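**Student:** Please read through the structure below; I'll follow up with questions.
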């Protein structure tokens, strides 16, 4: 197997490279990035890194990119979500399967329109297969099977990282995505109808396993609400949302950055030069990331899916938690995003998916049990299912 990883030396690719490099079925990995500054330090933290070949690549040049990644069986896109459509075009040019980490709702809807192109090419594109979206979709699919009808399905994400410091900007993933989540309206399903609500609204206080403890969570824009309502239509689902609980230092920083106008794409002019505040901030965050050593994996994250409804004529409420820990070298957040995507990439190449071609969300394309079992084998992922009703 030959797998290309786009955005290969960004933070979100580390978990994917770590998993793929240790899999004996994978013979070659092309880690493609426009900036190879972090290549040497990152590869030192990955066993079997000799399989990984750094490739300097600009996705805006489709012909050059397709030549550089020629022969790849699958393109795993770990770059910013605004490049997803271009990455799908690159995948088609390579005649390869495609997978990414999510499109923040609106991009996912655009990507689904490429379904026929991938069907004609007899290739599969799985849209949004990190931790959330991705693993969260599969957890929802898994838990939903026990219900005849679902009143409410909530997806919650909360994390703890002792490395975070309110005096230093250290972002767990793309600062652009973080600002979009923090500031944009959140599409949800409410009383059976799609609506958009203010970010961080419908707030709840949720108890999580320590070291998280009790955290306040609120709605944010996310891809799960773009695809799961259709998938769960047969369950007559009424309410579906995604809520996040930011670590306190990060929440404070995001509030300050948004108040200062850094969430805007509208250019400002400085000495005659047009500069996007968001792009400027992203460049600063990338520069900070280049100066960081690879993470030591002391963070902890919980992804929770909670469903309530009717099963066999009785009220049922179930919770499925995925507890993610670092492995001493790579953080929980990075493993949580990259490893599920890498597992899915291998399943696609081996023909172990529920559908063989087209563009689809994870819940349509992948067997949740297969992915969950493989994650549990790695020991940094722990799944806990709880029935809260009936007591």
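The values are calculated or read from the model by the stated rules, or taken from the named source; none is laboratory data. Quantities reported herein were computed from a predicted structural model and do not represent experimental measurements. Virtual Cβ from ideal backbone geometry, glycine too; neighbours counted across all protein chains shown.
**Student:** Just to be sure before I move on: is residue 64 surrounded by fewer than 17 Cβ atoms within 10 Å (Cβ to Cβ) and either in contact with a strand residue (DSSP E or B) (Cβ under 7 Å, 6 or more places away or on another chain) or more than 28 Å from residue 374 (Cα to Cα) (or both) in the structure I sent?
**Tutor:** Judged against the criteria, residue 64 is a match.
**Student:** While we're on this one: From the list 54, 24, pick out the single residue that is in the same structural domain as residue 71 (by TED's automatic domain parsing), under 20 Å from residue 375 (Cα atoms) and either modelled with pLDDT of 90 or more or more than 21 Å from the chain's Cα centre (by Cα) (or both).
**Tutor:** 24
**Student:** What is the residue count in region 15-55 for residues that are over 22 Å from residue 130 (Cα atoms), touching a residue at least 12 places away in the same chain (Cβ under 8 Å) and exposed (fewer than 12 other Cβ atoms within 10 Å of the Cβ)?
**Tutor:** So the count comes out to 2.
**Student:** For the subset of region 283-305 comprising residues that are surrounded by 20 or more Cβ atoms within 10 Å (Cβ to Cβ) and modelled with pLDDT of 65 or more, which member is nearest to the chain's Cα centre (by Cα)?
**Tutor:** Step by step, filter region 283-305, then rank; the result is 303.
**Student:** For region 351-370, what are the residues that are loosely packed, with under 15 Cβ neighbours inside 10 Å, out of contact with any strand residue (DSSP E or B) (no Cβ under 8 Å at 6 or more places or on another chain) and touching a residue at least 40 places away in the same chain (Cβ under 8 Å)?
**Tutor:** 369
**Student:** Is it the case that residue 309 is within 24 Å of residue 153 (Cα to Cα), buried (at least 19 other Cβ atoms within 10 Å of the Cβ) and modelled with pLDDT of 95 or more?
**Tutor:** yes
**Student:** Residue 269 passes all but one of (1) assigned to a loop (DSSP other than H, G, I, E, B); (2) in contact with a strand residue (DSSP E or B) (Cβ under 9 Å, 6 or more places away or on another chain); (3) modelled with pLDDT under 95; which number fails?
**Tutor:** All conditions pass for residue 269, except number (1).
**Student:** A further question on this structure: So which of 243, 236 ends up being more than 30 Å from residue 9 (Cβ to Cβ), exposed (fewer than 15 other Cβ atoms within 10 Å of the Cβ) and in the same structural domain as residue 312 (by TED's automatic domain parsing)?
**Tutor:** Within the list 243, 236, the selection yields 236.
**Student:** Moving on. Can you tell me which of 150, 99 is in the same structural domain as residue 240 (by TED's automatic domain parsing), under 19 Å from residue 226 (Cβ atoms) and in contact with a helix residue (DSSP H, G or I) (Cβ under 6 Å, 6 or more places away or on another chain)?
**Tutor:** When all the criteria are applied, what remains is 150.
**Student:** Could you grab me the full set of residues in region 204-231 that are over 30 Å from residue 110 (Cβ atoms) and either out of contact with any strand residue (DSSP E or B) (no Cβ under 7 Å at 6 or more places or on another chain) or in a loop (DSSP other than H, G, I, E, B) (or both)?
**Tutor:** 208, 209, 210, 211, 212, 213
**Student:** Ok, one more. With (1) in contact with a helix residue (DSSP H, G or I) (Cβ under 8 Å, 6 or more places away or on another chain); (2) touching a residue at least 60 places away in the same chain (Cβ under 8 Å); (3) within 16 Å of residue 345 (Cα to Cα); (4) in a helix (DSSP H, G or I) as the list, and residue 87 as the residue in question, which single condition is left unmet?
**Tutor:** (1)
**Student:** Which residue is surrounded by the fewest Cβ atoms within 10 Å (Cβ to Cβ), if the candidates are limited to region 371-386 and must be assigned to a helix (DSSP H, G or I) and touching a residue at least 24 places away in the same chain (Cβ under 8 Å)?
**Tutor:** It comes out as 374.
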